[in-house]
1. Output ³J(HN,Hα) for region 159-172: one whole-Hz value per residue in order, computed from phi by the Karplus curve 6.51 cos²θ - 1.76 cosθ + 1.60 with θ = phi - 60°, and x for Gly and Pro.
2. Among 127-140, 296-309, 90-103, 211-224, how do they line up by average Cβ neighbours within 10 Å per residue, starting with the highest?
3. With every protein chain kept in the model, how would you rank Trp325, Trp310 by accessible area, 1.4 Å probe, largest at the top?
4. With all protein chains present and a 1.4 Å probe, how do Asp192, Asp202 order by accessible area, largest first?
5. Could you give me D for region 96-151, from Stokes-Einstein at 25 °C and 0.890 mPa s, where the hydrodynamic radius is the Kirkwood radius over C-alpha pairs? Units µm² s⁻¹, please.
6. Counting only heavy atoms of the protein chains, get the accessible area per residue of region 85-169 (1.4 Å probe) and round it to a whole Å² value.
7. For a label point 7 Å from the Cα of Leu207 along Cα→C-beta, name the residues of region 120-159 whose backbone N is under 11 Å from it.
8. Quick check: pseudo-label points 7 Å beyond the Cα along Cα→Cβ at Leu290 and His142, how many nm apart are they?
Amino acid sequence: MHCKECGEGARDETLRYCENCGAKMPPPPPPGAIRRTTTGVGAVTSGRTRSTAAARAIPAPASDEAEDTDPGLHSPKAPPYEGPAWLAHVPGHSPSVVGVGLLALALVLFIFGSVGSFWSLVVVVGGWVVTAREMREAGQKHALVDWVPDTLLHPAVPALFAVVVAALALRMLGIGLTSMLWLGGAVLLGVDQYRKVYAGPDGWSRLFELRALLRGTAPVALAGVALCLLSLFLTWVPVGTTRSAGPVPMAPPELHVVDAPTPSDDFVYSLIGESEDKGWDQTFSVGMELLLLGVLGLMALRPEVPRPDWLRLAPIGVVVLGLVWTLVQGGLLLGPVLFLVGLAAMGFAAVYGAFTREA
């Protein structure tokens, strides 16, 4: 306590007058009050003199000036993350973003197997949009994704992207690091987006019923699609062999061509090798795969969902397009033959569903 006139500090706080100038001293603080000092530490007064009561030092609260000048005190803080530890440092804390990262790594390692420049571009753009949507849903911002318009963040975008990634992962199925990365990314995307987009009362489960593929003639179409996809792993293009025709021109006369089996003649190699005569290596193979999966999606639509009348003929059009594609791309080999058998099963289910549906 200091004198208001001369500023002299009182040695005895019980005195009512200044010992230096005799001016009236301010009243002492009430017992239990916190007295601020210049050192930033307050003392609790107990009504006794400083000589008889030991002041107990406690931290003083921040001053009003500090509260006004510190901008961090008034900024909202994000709630603490309480999810899985492996997603703590992932943007949006989303498994889908981890899946996109695995796909990006697989594209970098394209030397071990590539899906082509077009589908690589689709994966890059789609992964960017999915990452932006996941971060937007989590309330996170970043300059690289904030510019994505809201029209591209519709739930249909990640759902279709998950289907495309699953189709590409099936095309890349095999033994190798790239195949494992594609499979891991597709699984993470599919499971996460199924939970966020399909499941729930507001999800797409109100439009599709997957169990419908197990009723009526739908299992026939399902088996046909499975057979068509399996045939794409087999040989579609006949491989010519070089026959010995005597000495090699411009070489010593004792040098002859020796017939040797090509790697694609081996059935096991044709399944896991990098030969370029399989069905997946033909033009528009991934597009045909997506059309076949689209037929299953149409068959899984709930009956109460409104649809145009011409849509019931779409599976038949896919079967006709698949027949033309097989005749153009394939030869008289096991792969194209199995594909035609699968198309026949699909055609039966498509015709039955198109012309026997009740009006």
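1. For region 159-172, the Karplus curve yields 5, 5, 5, 5, 5, 5, 5, 4, 5, 5, 5, 5, 5, 8 Hz.
2. Working: 127-140: 19.1, 296-309: 12.1, 90-103: 21.8, 211-224: 15.9.
Highest mean packing first, the order is 90-103, 127-140, 211-224, 296-309.
3. Values: Trp325 20, Trp310 165 Å².
My answer, sorted largest first, is Trp310, Trp325.
4. Values: Asp192 5, Asp202 135 Å².
The most accessible residue leads, giving Asp202, Asp192.
5. Values: Rh = 12.1 Å.
Answer, rounded: 202 µm²/s.
6. Details: 4490 Å² over 85 residues.
In whole numbers, region 85-169 has 53 Å² accessible per residue.
7. 155-157, 159, by backbone N distance to the label point.
8. Distance between the two pseudo-spin positions: 2.5 nm.
The values are calculated or read from the model by the stated rules, or taken from the named source; none is laboratory data. Every value quoted in this text rests on a predicted model; they were computed, and no experiment measured them. Every residue, glycine among them, receives a Cβ derived from its backbone with ideal geometry; neighbour counts consider all protein chains shown. Note: areas computed on protein heavy atoms with side chains; ligands, DNA, RNA excluded. Shrake-Rupley method; radii C 1.70, N 1.55, O 1.52, S 1.80 Å.
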